[in-house]
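Before any comments, here is the structure.
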Amino acid sequence: MLEARQLTKEYRSGDSRLAVLRDVNFTVPDGAFVAIVGPSGSGKTTLLGLLAGLDLPTSGSVHMDGTDLSALSEDRRAQLRGAKVGFVFQSFQLIPTLTALENVQVPLELRGDDGAPARARELLTRVGLGDRAHHFPNQLSGGEQQRVAIARAFSNAPRLLFADEPTGNLDSDTGAHIVELLETLNRESGTTIVLVTHDLGLAGRAQRIIRLADGVVVSDAPTTAVSDAPTTAASDAPTSGGTPPAVVALAR
Ligand code: ADP
Ligand code: MG
């Protein structure tokens with residue numbers, strides 16, 4: 001479970017202080033799929049950084065499975081992230097000189113995982129890219145690069161996945177496929193997903209939408225009405241219908 005309590009973040013510039021987040025409160029239960037939406041500059045990226053323990057609040061707290069992240073040393077926070085957290089960014093952030101397979105393998109090897117190559121291949125297959133393992137990022141479409149980034153983010157079988165505008169550089173159909181993939185991974189692996197997006201249509205695929213404006217939560221509600229909406233996915237989409245194969249193994 002992830003809890004934000006009275007979360008406040010201020011930045012100083014000279015004598016003045018700018019409150020980027022103010023008294024943010026919410027709880028994300030294990031296994032949830034939550035979207036955070038809000039205009040540019042409303043504090044979404046700052047909030048994700050605090051929730052993930054990359055940055056510390058000015059006041060208030062984030063509790064990850066009952067642990068107050070502010071009470072941990074930087075090293076312990078890094079350990080906790082390594083054990084529990086995955087990230088996906090708008091800009092994919094793949095290493096350009098490494099193949100898709102190698103990009104997914106890197107974090108596994110850093111952890112000393114003996115089965116890294118096999119595991120990386122399994123992860124790529126899970127995101128529908130088993131046949132692109134030896135492509136370099138510039139030989140992949142934006143959507144494919146984001147799938148590689150998602151496979152990489154799942155390499156530590158995270159309990160929590162944070163995605164900051166993961167569809168921001170993709171056309172709307174491709175973006176919809178990426179959110180569908182995240183939804184499938186959430187459902188099949190039980191990984192809690194916190195997704196930041198500008199796109200309300202995509203946010204509607206989450207179970208719940210938290211809206212930010214000027215650093216304040218202005219609404220927080222389930223997306224029940226949207227769940228029956230027809231999918232925007234094309235019929236040949238790799239993630240439509242019963243695919244990808246059981247992603248349960250990702251959570252091992
Ligand atoms: P969003 O992701 O919703 O676009 P951000 O969280 O990136 O918003 O930024 C929220 C506000 O905080 C913006 O006004 C931004 O300029 C400001 N901000 C973000 N990071 C810093 C920083 N390191 N120092 C000062 N101001 C910052
Ligand atoms: Mg942002």
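Using just the helices of the chain, give the 222 nm mean residue ellipticity in deg cm²/dmol: DSSP H runs with n ≥ 4 each add -39,500 (n - 2.57), and the total is spread over all residues, rounded to 500. Intermediate values should be presented prior to the final figure.
Details: 7 runs with 75 residues, N = 252.
My calculation for the chain gives -9000 deg cm²/dmol from helical runs alone.
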Surface/4 of the Cα convex hull for region 1-133, nm²
10.6 nm²
Tell me, what is the percent relative contact order of the chain, built from C-alpha pairs under 8 Å that lie six or more residues apart?
25 percent
Suppose we take every Cα in region 123-219 and form the convex hull; what volume per residue is that in Å³?
108 Å³
Using a 7 Å offset from the Cα along the Cα-to-Cβ direction at both Asp68 and Leu54, what is the distance between the two label points in nm, to one decimal?
2.5 nm
Compare the peptides 108-114, 78-84, 56-62 by average per-residue count of other Cβ atoms within 10 angstrom and give them in order, highest first.
56-62, 78-84, 108-114
Beyond 20 Å, what percent of the Cα pairs of region 80-180 remain?
31 percent
Built amide H within the under 5 Å cut-off of Val20, gap 5+:
Lys9, Glu10, Tyr11
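For the chain, what proportion of DSSP beta bridges, expressed in % and rounded to the nearest 5, is antiparallel?
Working: 22 of 40 bridges.
In the chain, approximately 55 percent of DSSP beta bridges are antiparallel ones.
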What is the Cα centroid distance between region 18-60 and region 150-185, reported in whole angstrom?
18 Å
What is region 1-64's relative contact order, in percent, from Cα pairs under 8 angstrom and six or more apart in sequence?
47 percent
What span do the alpha-carbon atoms of region 35-92 cover on each of the three principal axes, reported in whole Å from largest to smallest?
32, 28, 17
Karplus-derived 3J(HN,Hα) from phi for region 92-98 (6.51 cos²θ - 1.76 cosθ + 1.60, θ = phi - 60°), whole Hz, x at Gly and Pro, runs 6, 6, 7, 7, x, 8, 10
Sort Phe162, Phe87 by Cβ crowding within 10 Å, fewest neighbours at the top.
Phe87, Phe162
Output the Cα-based Rg and Dmax of the chain in Å, rounding Rg to one decimal and Dmax to a whole number.
17.9, 57
With the convex hull built on the alpha-carbon atoms of region 4-52, volume per residue in Å³ sits at 81 Å³
Filter the DSSP H helices in the chain by two things, a Kyte-Doolittle mean of at least -1.0 and an axial alpha-carbon span of 18 angstrom or more, and list the hits by number.
172-189
Of Leu54, Gly38, Phe89, which is farthest along the charge dipole of the chain in the positive direction, counting Lys and Arg as +1 and Asp and Glu as -1 at C-beta?
Leu54
Evaluate the distance, in nm, between pseudo-label points positioned 7 Å from the Cα of Ala78 and of Ala221 along their respective Cα→Cβ axes.
4.4 nm
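FYI, it's all coordinate maths here, none of it is from the lab. Computed from a predicted model, the values in this text were never measured in an experiment. Reconstructed Cβ throughout: ideal geometry from the backbone, glycine too, with neighbour counts over all protein chains shown.
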